[in-house]
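Asks: Handing you a structure now.
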Amino acid sequence: MKLLEQRILSEGELLSGNVIKVGGFLNHQIDVGLLLEMGREVKRLFAGEKITKLLTVEASGIAVATAYGAVMGLPVLFAKKHGTSNLSGQMLYAPTHSYTHNVDYNMVVERRYLSPCDRVLVVDDFLANGQALCSLCSLVEQAGATLVGCTVAIEKGFQSGGRMLRERGVRVESIAVIDRIEDGKIIFRD
Ligand code: 5GP
């Protein structure tokens, strides 16, 4: 989506480790209008899929998924990164590795919020090596729910996650795909 690409070009900052900082509209300050526009695109892409729920992971996935949920009229479930006393009942866990913080942790959701009747679209902000999406997909699978696909705002196409998930047969739709970074310049895939 050109609108998102333009924002990445005008405001994105390249950090070490191929991390792209988009705090001005996605990860810190949030441009709600942009997220709603992205939600309309996701709704169009997955039209007819009879999705019942969006699943993301805290923290930065929540804003994206909430905007999509508003556009699509769907509930949003987010995996927590740590079991807290706020959680009760039977849990589903999926180990994962944080790309940006370089730590291992468990994603956790209460089982009661994912049922075998659910048709789930997994949502996140970035796709790099695919650990976050794989763990979210594992939660869907553990619940016996149907995985409709995954959607991310920004896929870093030069990292392995997108290819790995698609090779596994998972439908992945990305609103913007960065093909490569050349001499500090972001180049998008057509
Ligand atoms: P993956 O699990 O695919 O390796 O990484 C995706 C997760 O790491 C996302 O949930 C996202 O929060 C974070 N992430 C990966 N790459 C970037 C990046 O370039 N910029 C930001 N802001 N987050 C990233």
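Asks: Taking a ≥ b ≥ c as the square roots of the Cα gyration tensor eigenvalues, with a/c under 1.5 meaning rounded and otherwise prolate when a/b beats b/c, else oblate, which class fits the stretch 69-165?
Replies: Here the stretch 69-165 falls in the oblate category.
Asks: Moving on to the next point. Determine the calculated [θ] at 222 nm for the chain from helices alone, applying -39500 (n - 2.57) to every DSSP H run no shorter than 4 residues and normalising by the residue count; nearest 500 deg cm²/dmol.
Replies: Helix-only estimate at 222 nm: -9000 deg cm²/dmol.
Asks: Might you report the magnitude of the Cβ-based charge dipole of the chain about its Cα centre, with Lys and Arg at +1 and Asp and Glu at -1, to the nearest 20 debye?
Replies: It works out to roughly 480 debye.
Asks: Further question on the same structure: Per residue and in cubic angstrom, what volume does the convex hull of the Cα atoms of the stretch 111-177 have?
Replies: Normalising the Cα hull of the stretch 111-177 by residue number yields 70 Å³.
Asks: Using a 1.4 angstrom probe on heavy atoms only, work out the carbon and sulfur share of the accessible area of the chain in %.
Replies: On the chain, the fraction of accessible area on carbon and sulfur atoms equals 49 percent.
Asks: Shifting gears a bit: Answer with one residue from H101, H28, G73: the one whose Cα lies farthest towards the positive end of the charge dipole of the chain, charges on Cβ with Lys, Arg +1 and Asp, Glu -1.
Replies: Among H101, H28, G73, the one farthest towards the positive end of the dipole of the chain is G73.
Asks: Please report, in Å, the Rg and the Dmax of the stretch 141-190, where both are computed over Cα atoms only.
Replies: Looking at the stretch 141-190, its Cα Rg and Dmax stand at 13.2, 46 Å.
Asks: If contacts are Cα pairs under 8 angstrom and at least 6 residues apart, what is the relative contact order of the stretch 2-188 in percent?
Replies: Contact order relative to length: 18 percent.
Asks: Given q = 0.11, 0.16, 0.18 Å⁻¹, what are the Debye log10 I(q)/I(0) values for the stretch 2-188, with equal point scatterers placed on the Cα positions and solvent ignored?
Replies: Taking Cα atoms of the stretch 2-188 as identical point scatterers yields -0.45, -0.98, -1.25.
Asks: Averaged per residue, what accessible surface does the chain expose to a 1.4 Å probe, in Å²?
Replies: Result: 49 Å² per residue.
The values are calculated or read from the model by the stated rules, or taken from the named source; none is laboratory data. As the structure is a prediction and not an experimental result, all values here were calculated from the model. A quick note on method: Cβ atoms are made from the backbone with ideal geometry, for glycine too, and the neighbour counts reach across all protein chains shown. Note: areas computed on protein heavy atoms with side chains; ligands, DNA, RNA excluded. Shrake-Rupley method; radii C 1.70, N 1.55, O 1.52, S 1.80 Å.
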